[in-house]
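Here's the structure we're looking at; comments come further down.
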Amino acid sequence: METTTHEAEDVADQFYNYAANLLLNENKSSYETKAKLVEQGLSTEIAGLIVENLEIQIQEAQYEKARKDMVYGALWFCGGTILTFADIGFIFWGAILFGGIQFFKGVINVYS
C-alpha cells in the first residue's frame, strides 16, 4: 500500500511540474494550462485546482522577491547616504542610485 501512495504522489508531482513548466517557462495562460492538463487525462476540476494552487504560489514568490528588493534597496540607499554624510571623502552615489532603483523596483512589483 505504501508504494501505491508514493506512486500517486509521483504522478501528482509530475502534473504539478508539467503545469508549472507551462505557466512559467512556456508562458501559457491559466486557461491554456488547464486545457493541456485535461488533455493529459485530468478532470476539469482537478486541473483547475492545480492551476489555482500554482498561481497562488507564483504570486507569493513574486511578492516575497519584491519585498526583498525593497529591503535590500533601502539598505543600500541608506548605507550610501550615511557614508556620504559621514564626510569620509567619498560620495557613494553608486550605492545610493542602485539602492533607490532596487527599492522602487520592489515597490512597483508589490503593487502590480
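Please treat every number below as a calculation from the coordinates, not as lab data. Small disclaimer: the values here were computed from a predicted structure and weren't measured. Reconstructed Cβ throughout: ideal geometry from the backbone, glycine too, with neighbour counts over all protein chains shown.
Here are a few candidate values for Rg/Rh (Cα atoms, Kirkwood Rh): (1) 1.20; (2) 1.14; (3) 1.29. Which one was actually calculated from the structure I just gave you? The value computed from this structure is option (3). Length gained on full extension, Phe90 to Ala12: 22.4 nm, using 0.36 nm per residue less the C-alpha separation. Charging the Cβ of each Asp and Glu at -1 and of each Lys and Arg at +1, and nothing else, the dipole of segment 1-83 about its Cα centre rounds to 560 debye. Between Arg67 and Leu97, the FRET efficiency estimated from the beta carbon spacing at R0 = 22 angstrom works out to 0.55. Candidates Asn53, His6, Phe77 compared by Cα position along the dipole of the chain: farthest toward the positive end lies Phe77, with charges placed on Cβ.
For the pair Glu55 and Cys78, a Förster radius of 35 Å applied to the C-beta separation gives a FRET efficiency near 0.50, rounded to the nearest 0.05.
The distance linking segment 1-64 with segment 78-109 is 41 Å (Cα centroid to Cα centroid, whole angstrom). For segment 25-112, the list of GluC sites (Glu not before Pro) that fall in a loop by DSSP and count at most 12 other C-beta atoms within 10 angstrom reads Glu26.
Excluding Leu75 itself, calculate the net charge of residues whose Cβ lies under 15 Å from the Cβ of Leu75, where each Lys or Arg counts +1 and each Asp or Glu counts -1. Net of charged neighbours comes to +2.
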